[in-house]
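Undergrad: This is the structure I have questions about; it appears just below.
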Amino acid sequence: MKLKLYTNSHSVSCSKVEFVLDFKSIELDKVEAINNYGAFSPTATVPCLSIDGTMISDSGAILEFLEEKYPEPSLLSDQPDINSKIRFLAKLVDEKLVGSIRKLFSLVKTNSHPSDGLMIENIFKEIENHLLLINNISKEDKFLAHNEVSLADCNTPAFFSMLKEFEIHFNKEVLRPSEIKLYEQNLQDHESLLREYKRYGFEIRTWIANKLLA
Ligand SMILES: N[C@@H](CCC(=O)N[C@@H](CS)C(=O)NCC(=O)O)C(=O)O
């Protein structure tokens, strides 16, 4: 089977795949795509995985494929109820946390508009509410869905490192429930999660600095 991954180092959705490649020690052909994603990706988005020439351009579908093809170490459990919680939380992280924080990218600029402050305020509030929701579902565990790292944790390194960089940039803090603070700590105590947290944090810091210089 021939695999080729089209990825972009600044992309939050690609960060999920980068984490899985590292966690499972998978080596595959990679292309750093800069723009013009429509030239190879059916949805004009990255990540995009070519599997024997069939292009799959959804990070969730790519993760499920990698989990099936490279089952060890697993990012699922052997219990269907836990797996449904894993998939539920993975979707909430993508749609709620990442969905909201993405909106801050366009607000990083040298000359801000008078309405930007309120928009930034609202996005920070939105993120606080999403963290509360996820905390209520996640509850007691070391990682987001259970006591092991799972598919639910693949996008949190990028989310939390991005959050840290935006908090510094906008000089604002998102209030987190104490369990979420503990989760952030657990994430940084885990070798692979921490590696992706640091890699993506560096990418975002560089992106912000370049945007302000432009
Ligand atoms: N739901 C998709 C979202 C992918 C996505 O929106 N990727 C962004 C980069 S993070 C993208 O390619 N945007 C188009 C562009 O930047 O031109 C997934 O999870 O793969």
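Undergrad: Could you state the orientation-averaged shadow area of the convex hull built on the Cα atoms of the chain, in nm² to one decimal?
TA: 12.1 nm²
Undergrad: Here's a follow-up. State, to one decimal in nm, how far the label point of E68 lies from the label point of K139, with both points 7 Å from Cα in the Cβ direction.
TA: Distance between the two pseudo-spin positions: 3.1 nm.
Undergrad: So with the 1.4 Å probe, I'd like the accessible area per residue for the range 1-73, rounded to whole Å².
TA: 49 Å²
Undergrad: Separation between the E95 and S25 pseudo-spin-labels, each 7 Å from Cα along Cα→Cβ, expressed in nm?
TA: Label at E95, label at S25, 3.7 nm between them.
Undergrad: Skip the ligands, DNA and RNA, and give the accessible area per residue of the range 77-214 with a 1.4 Å probe, whole Å².
TA: Working: 7200 Å² over 138 residues.
Accessible area per residue: 52 Å².
Undergrad: Now, a different point. Within the accessible area of the range 80-213, what % is carbon and sulfur when the probe is 1.4 Å and the other protein chains stay in place?
TA: Details: 3720 of 6840 Å².
Here carbon and sulfur together make up 54 percent of the probe-accessible area.
Undergrad: Also, quick follow-up: With every protein chain kept in the model, how would you rank D141, D58 by accessible area, 1.4 Å probe, largest at the top?
TA: Working: D141 35, D58 85 Å².
These residues rank, largest area first, as D58, D141.
Undergrad: Can you give the extra length, in nm with one decimal, that the chain gains between R102 and N171 once fully stretched, where that is 0.36 nm per residue apart less the Cα-Cα distance?
TA: Working: separation 69, 0.36 × 69 = 24.84 nm, distance 1.73 nm.
Full-extension gain reported as 23.1 nm.
Undergrad: Next question, about the same structure. What do you get for GluC sites (Glu not before Pro) in the range 62-157 restricted to DSSP loop and a cutoff of at most 14 other Cβ within 10 Å of the site's Cβ? Please report the intermediate quantities before stating the final value.
TA: Values: sites: E64, E67, E68, E95, E121, E126, E128, E140, E148; in loops: E140, E148.
Those that pass, being in a loop and sparsely packed, are E140.
Undergrad: If amide hydrogens are placed 1.01 Å from N in the peptide plane, which non-local residues have theirs closer than 5 Å to the one on K30?
TA: L5
Undergrad: If the range 57-156 were replaced by its equivalent ellipsoid, with semi-axes equal to the square roots of 5 times the Cα gyration tensor eigenvalues, what would those be, largest first, whole Å?
TA: Details: eigenvalues 203, 53, 15 Å².
Output for the range 57-156: semi-axes of 32, 16, 9 Å.
Undergrad: Rounded to a whole number, what % of the accessible area of the range 3-69 do carbon and sulfur atoms account for, probe 1.4 Å? Don't skip to the end; give the middle numbers.
TA: Numbers: 1410 of 2970 Å².
Of all accessible area on the range 3-69, carbon and sulfur atoms account for 48 percent.
Undergrad: Shifting gears a bit: What are the ³J(HN,Hα) couplings of the range 113-129, residue after residue, when phi is run through the Karplus curve with 6.51, -1.76, 1.60 and θ = phi - 60°? Round to Hz, x for glycine and proline.
TA: Those phi angles translate into 8, x, 7, 4, x, 5, 5, 5, 3, 5, 5, 4, 4, 4, 5, 4, 5 Hz.
Undergrad: Follow-up. Percent of Cα-Cα pairs more than 23 Å apart in the range 1-100, please. All intermediate terms of the calculation are to be shown ahead of the outcome.
TA: Numbers: 1283 of 4950 pairs.
Within the range 1-100, distances greater than 23 Å cover 26 percent of Cα pairs.
The values are calculated or read from the model by the stated rules, or taken from the named source; none is laboratory data. This one's a predicted model, so the numbers in the text were calculated from it and none came from an experiment. Note: ideal-geometry Cβ built from the backbone for every residue, glycine included; neighbour counts use all protein chains shown. Remember, those area values only see protein heavy atoms, side chains included, never the ligands or the DNA or RNA. Shrake-Rupley method; radii C 1.70, N 1.55, O 1.52, S 1.80 Å.
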